[in-house]
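The values are calculated or read from the model by the stated rules, or taken from the named source; none is laboratory data. Being a predicted model, the structure only gives us computed values, none of them experimental. Reconstructed Cβ throughout: ideal geometry from the backbone, glycine too, with neighbour counts over all protein chains shown.
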Amino acid sequence: MERFQISRATMYSICFYVIVACCRCETNPDIDFLIWGLERSTFILTCVCSEVTNISIKQVYLGRNMESSPMEPFDEALNYRSGSNKCFCSVFFRHRKQVDIWYCKLIISDNAAVIVFQGTLRFPEVYMPIPIKAWGKVYVALRVRNFGFIKLISVERKTVVFINRDMHVNRQDSKFKIFEAEVNETSGNPLYVSEVKYEGVILQSSNTFGVITGTYPTNESTYTIESGLPMFSLRKHEYVTFCAEKGSCSVVVFSPFSRVFNITSLKHGRTNQYLDHPSHIVVVKNDSLIIQGKSHLQVQVFIERPDKRSWSMYTAIPSELFLTKYIIKLHDNTNDTAFLIVINTKGFDDIMIEGTNESLSATRLEYQVNYELLFIFCYELPENLEYEIYSVSETPFGLYFYGETSDGSFASPIALGNTGKDFNYRSSLSTTKPSKTTTTTTPWCIISNVTKGDKKDNDCDGYIDEELFNAKDDDDDGKIDEDTALDTGTGCLPGWFGTHCEKMCRCNDSACLPNGDCKQNVSCVFDFFGLQCQYKDLIHSANVSQENVRYRHLTPCHHNFTAKTPLTITFPWPTRISWIQIEAVSKDNLQGLKLRFSQTRNQSCYTGHCRHRREFYLNTNTLRIMCSAAQYVCRISIAFNAPEEERELCSIYISAGRNLALGQPVGMSSYYRDKLGIVSRRSLAVDGRLGDSWKSCSTTRLQDQDPLLRLSFLNPVLVEEIIIYFKVTVKNERFSINLLDSTDNVIYSSTGVIESIVSIIPSSQISLQTIDVFKQHSTSPLSICELEVYGECAPPMYGPDCSEICSISCNDQICTYEGYCKWCPNGTAGLYCFEGCLEWCEDYQEVTNATTTPRVTHVAYHKQSGFRVENVWLYVMIPIAIVGICSVFICTGPSRDLEKVPSEPKTYQQDFYQHYLLTKESEKTMFSETDNQTSTSVDVTDALNTLEIVTPSMTTTNA
C-alpha cells in the first residue's frame with residue numbers, strides 16, 4: 001500500500017476559496033461577502049477574525065424575499081482595532097419569530113475570516129461564507145433527499161444555472177437573489193444507507209454564483225448548513241475524514257468527474273478501488289478514511305449524536321489546502337461541548353494554542369487514530385471562546401470544528417475561513433497570471449473555431465472531438481465537421497477500428513493497431529480478452545473460491561497456483577455464458593476436468609452437467625470448453641476425476657461472447673432535444689459506454705407516443721442474447737421487441753417490463769438482421785443507454801466483417817470470431833473438426849459430455865481460411881458437382897417464368913420516420929403481436945416459441 005503523506009501547502013501557490021482576501025494585494029483590497037439567513041433563523045451572529053491590527057468593516061442590509069417579518073435596514077461602517085481579541089462579532093438580527101430568507105453584505109478592508117452563527121439562541125448552526133471573488137461557475141454538491149436543500153445566490157441581474165444538464169433555474173428580477181435549486185429527482189442512482197438517500201448534483205452557469213447546502217433533520221427547529229464548494233483543480237485530490245467511536249457517521253463521496261478513486265479504511269488498513277461506479281456515489285459507515293482521486297471529488301461527513309437526537313455534517317477539505325495556522329471563534333453556548341478534529345503528520349504535541357502556551361496534550365484527547373505517518377484525533381477545547389491554533393513546526397494540518405448543544409450538534413471545516421502566511425490566494429477573477437497549480441473553474445462552454453483533436457467541445461454539444469472530417473453530420477446535430485478528431489490514419493475516430501469503424505479498441509490506453517490488435521507489450525483492458533480483446537470476461541463480476549483465477553498478464557501463464565477443488569464461480573444474478581477458457585501449466589493439469597452448474601439461493605438457473613460439451617486446445621496449455629445450454633447459470637463448479645492430484649492452473653476466463661451491436665446502424669422515430677439544444681444521438685445506444693444519464697442514452701421526444709429504436713446489422717447474425725440498458729422514466733412501463741430477418745419479416749415478437757437491465761435469450765440461435773425496440777401509446781420517451789447483442793455471424797460466414805467463409809467441416813458451418821468451429825459432427829474434434837474418428841470415434845460423444853479427454857491433439861493457433869489440405873478430396877469433388885449442375889441447367893434452358901432480378905436491399909437512412917410510418921400501416925407490420933410469420937430460408941416456427949426475459953438488479957462492486 002502506498003504510504004500516505006499530506007502534501008505541503010507551502011510548496012504551491014493555489015487559487016482557492018478558503019482564503020478571504022488576496023494576500024499581498026496592491027489594488028482594491030476590499031473583500032465582499034454576502035451573508036444570508038434561512039427561513040427558520042431567529043438569530044444571526046457574524047464574527048470577523050483577523051491578525052491585521054486595524055480593519056474597516058461595512059455592513060449593508062440588502063433586503064429579504066418577503067415582507068412578512070419586520071427588520072430594520074442598516075448601513076453601518078465600523079473601524080475595528082484588534083487588541084487582545086482577534087475577532088469582532090456583531091448581531092445582525094435577533095427576533096422571536098422565524099423570518100423569511102434575507103441577506104446582507106459585508107465589505108472588509110483587509111485580510112480576514114468570517115464565521116456566521118445562525119439558527120436559534122439554543123442551537124446556533126455555524127458556517128463560513130466564501131468571498132464573492134472566490135465564487136465559481138461549476139459546483140459539485142451533495143444533498144440528502146426528502147429533507148436536504150441547495151440554495152443559490154447571485155450578484156448578477158440575470159443568472160441561469162443548469163442542474164445536471166437536464167434542467168435549469170433562471171432568475172432575472174433582482175440584483176441580489178437567493179433561489180432554490182429544485183434538483184431532478186430522477187437523475188442519478190443514489191445508494192440507500194439507513195433509509196437515507198444521498199444525491200449528487202452538478203451546478204453550472206456562465207456567471208459566478210454562490211451555493212449553500214443543508215438539511216432539515218427530523219427536529220424541525222434545527223438544521224445543518226454548509227457553504228458549497230466550487231469546482232477546482234489540484235495536483236492531487238486527497239481527503240481525510242474522521243469518525244469518532246461514539247455515535248455514528250456516514251462518509252459520502254460523490255465523484256462525477258473521476259472514473260477511478262481509492263478509499264483507504266483506517267480502521268481495517270486496506271484500500272478499495274472504485275472504478276466507474278454506476279451512481280458516482282459511495283457511502284462508507286463509521287470509519288475514518290483517506291480518499292484519493294485524480295479529479296474533483298465532493299466528500300461530506302454526516303455525524304449523528306450518540307443519543308440520536310440530532311446530527312450534523314461537514315465538508316472535507318483537500319489535504320493540499322491545509323494551513324499552518326487557524327483563528328476560530330465559538331458561540332457562548334458551545335464552549336463546554338466544543339471539539340476540534342485535527343489531522344496532521346507530527347502528532348498532537350506539534351499543535352499549540354496561542355496565549356495558553358499549551359499543546360494539544362493527551363489529557364484532552366477524546367479519540368485518536370494513528371495510521372502510518374498520519375495522526376487524527378478529536379480534542380476537547382478548554383473553556384475559552386477565541387483560539388489561535390498553529391503548528392510549532394509550521395507543518396500544514398487540517399482542522400474541523402464540532403460542537404454540541406442541548407438541542408443539536410453542528411460541524412464545519414475551519415479552513416473555509418482562514419489564511420496562512422505561507423498560503424498565497426489569488427482569485428480566479430484576478431488579472432494576476434496564475435501559476436501552473438493555480439485553481440481554475442471549468443469555464444462555461446463557448447462555441448469556438450474548429451481545431452482537429454484539440455480535446456475541447458468546440459460545438460458545445462457536450463461531447464469532445466466526436467466527428468470525422470468527412471463532410472457529413474456524424475453526430476446528428478445538424479452541423480457538419482464542427483468538432484473533428486485527429487486523423488488516425490484509418491478513417492476512424494480514436495478508439496475505433498474496422499471496415500466501418502464499428503469496433504471499439506479494448507486495449508489499454510486505446511493502444512490498438514489499425515487491424516484492432518494491441519500494440520507490442522500492451523494488454524487488454526479490464527473485463528475483456530481474446531482476439532482483438534473483443535470477448536467480454538464475466539469472472540470479474542463473480543464471486544470465486546480462489547482469487548488467483550482472476551489473474552491476468554500479457555505473458556500467458558505468467559503466474560500459476562494450486563487449484564483447490566472444487567473451484568466455484570458464483571454470479572451475482574442469473575447469467576448466460578458463451579464458453580469457458582482455462583489456462584494451466586501443462587495439458588496434463590487439465591485431464592479429467594469436470595463441469596457442473598448449480599443454483600444459488602433465491603435464483604432459478606440451469607442445473608446439471610455441460611450438455612453437448614465441445615472442447616479444444618488453443619495451444620499447449622489453454623483449453624476452451626463450450627456447452628450447448630442456452631440458459632442462465634448461477635454457479636459453475638470445476639473439479640477433476642482424481643482430486644488427490646495437484647492441479648497447477650494459471651487463470652480462468654468466462655466468456656459472454658462478442659457484442660455484435662457495437663457501431664452498427666441505428667435509427668429512431670424521433671430525437672430528444674434538451675434545453676441547451678443538444679440533440680440526443682442514435683449512436684449512443686451502441687457506443688459501448690454504459691451510463692444512465694440523458695447525455696449517454698439514445699432518447700426519443702416526449703411527444704412521440706409510439707417511440708421506436710431500430711438496430712440494423714450490415715450482415716445477418718446469429719443471436720444468443722440481447723441485453724438492453726434502459727433509462728427508466730416510468731415504473732412498470734412495458735416495451736416490445738421485434739426480431740426481423742433479412743427480408744424485414746418479423747420472426748418473433750415479445751413484450752416485457754422496462755427495467756434498468758433486461759436480458760433476452762432466445763430458445764435457440766436466431767438468424768436476423770434487424771431489431772426493433774418500441775413502445776405503443778406511451779406518454780414517456782423511449783431511452784436506451786446501451787443495446788448489446790451477443791452472437792456470431794450467420795453461417796457460412798465469420799470474422800470481423802462476416803466476410804470469411806467458415807470451413808464446411810464445421811457443423812452447420814457456424815464459426816467463432818477467430819474461425820474455429822462452434823460445433824463438430826459426431827466423432828470429430830479440434831479447432832476445425834478435422835481431428836479424431838480413430839479408435840475412440842464411437843465413444844467421443846459420451847466421453848466429452850463427462851470429462852476432458854487426453855486424446856484431443858493440438859492444432860496451432862492461426863487464422864483459418866475455410867480450406868484445409870486434410871479434405872482436399874472434398875474440395876475437388878465440389879467443383880465437379882457444380883459443373884455438372886450447370887451443364888444440366890444450360891441444356892434445359894432458362895425458365896419462362898423466371899422472376900425479375902431482385903433489387904438492392906433496403907437501406908435504412910435518415911428518412912427513417914417516414915419509412916417507419918409506412919411500415920406500420922403495411923400488412924407486414926413491425927408491431928405484429930402474432931408469431932405466425934414464417935421464413936422461406938429457415939424453419940423458425942418451433943425454435944422461437946420461448947423467449948426468456950430476466951432483469952437482474954444493478955449491484956455495486958469494488959474493482
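Given the structure, is residue 692 of a type in the set (D, E, K, R), modelled with pLDDT under 90 and not in a helix (DSSP H, G or I)?
Criteria met by residue 692.
Determine which single condition residue 65 fails, assuming it passes every other condition in (1) within 30 Å of residue 161 (Cβ to Cβ); (2) surrounded by fewer than 19 Cβ atoms within 10 Å (Cβ to Cβ); (3) at pLDDT 75 or above.
If we test residue 65 against (1) within 30 Å of residue 161 (Cβ to Cβ); (2) surrounded by fewer than 19 Cβ atoms within 10 Å (Cβ to Cβ); (3) at pLDDT 75 or above, just (3) comes out false.
I'm checking my understanding of the structure. Among residues of region 786-839 that are of a type in the set (Phe, Trp, Tyr) and free of Cβ contacts under 8 Å to residues at least 60 places away in the same chain, which one is surrounded by the most Cβ atoms within 10 Å (Cβ to Cβ)?
By that ranking, first place goes to 798.
Test residue 769 against the stated conditions and say whether it is over 17 Å from residue 725 (Cβ atoms), modelled with pLDDT of 90 or more and either surrounded by fewer than 23 Cβ atoms within 10 Å (Cβ to Cβ) or in contact with a His (Cβ under 8 Å, 6 or more places away or on another chain) (or both).
Yes; evaluated as a whole, the condition is true for this residue.
Of all residues in region 596-613, how many are buried (at least 21 other Cβ atoms within 10 Å of the Cβ) and either out of contact with any strand residue (DSSP E or B) (no Cβ under 9 Å at 6 or more places or on another chain) or part of a strand (DSSP E or B) (or both)?
Residues meeting the conditions: 1.
Could you say whether any residue in region 756-766 is in contact (Cβ under 8 Å) with a residue 12 or more places away in the chain, in contact with a Ser or Thr (Cβ under 7 Å, 6 or more places away or on another chain) and over 25 Å from residue 715 (Cα atoms)?
The answer is yes, given that some residue of region 756-766 is in contact (Cβ under 8 Å) with a residue 12 or more places away in the chain, in contact with a Ser or Thr (Cβ under 7 Å, 6 or more places away or on another chain) and over 25 Å from residue 715 (Cα atoms).
Mind checking which residues of region 470-512 are within 17 Å of residue 534 (Cα to Cα) and β-branched (Val, Ile, Thr)?
The answer is 499, and nothing else.
Out of the residues in region 226-254 meeting the condition of being under 16 Å from residue 143 (Cβ atoms) and modelled with pLDDT under 85, tell me which one is surrounded by the most Cβ atoms within 10 Å (Cβ to Cβ).
Once the filter is applied, the top-ranked residue is 229.
Would you call residue 809 not aliphatic (A, V, I, L, M) and not in a strand (DSSP E or B)?
When the stated conditions are applied, residue 809 passes them.
Pick from 824, 802: which is at pLDDT 85 or above, in contact with a helix residue (DSSP H, G or I) (Cβ under 9 Å, 6 or more places away or on another chain) and assigned to a loop (DSSP other than H, G, I, E, B)?
On inspection, the qualifying residue turns out to be 824.
Would you be able to say whether some residue in region 578-592 is in a strand (DSSP E or B), of a type in the set (D, E, K, R) and under 14 Å from residue 627 (Cβ atoms)?
No, region 578-592 has no match at all.
Answer yes if at least one residue in region 615-624 is buried (at least 19 other Cβ atoms within 10 Å of the Cβ), part of a strand (DSSP E or B) and among the aliphatic types (A, V, I, L, M), and no otherwise.
Scanning region 615-624, I find at least one residue that is buried (at least 19 other Cβ atoms within 10 Å of the Cβ), part of a strand (DSSP E or B) and among the aliphatic types (A, V, I, L, M), so the answer is yes.
Listed residues 487, 459, 481, 476; which is closer than 24 Å to residue 673 by Cα, out of contact with any Asp or Glu (no Cβ under 8 Å at 6 or more places or on another chain), in a loop (DSSP other than H, G, I, E, B) and of a type in the set (D, E, K, R)?
Among 487, 459, 481, 476, only 476 is closer than 24 Å to residue 673 by Cα, out of contact with any Asp or Glu (no Cβ under 8 Å at 6 or more places or on another chain), in a loop (DSSP other than H, G, I, E, B) and of a type in the set (D, E, K, R).
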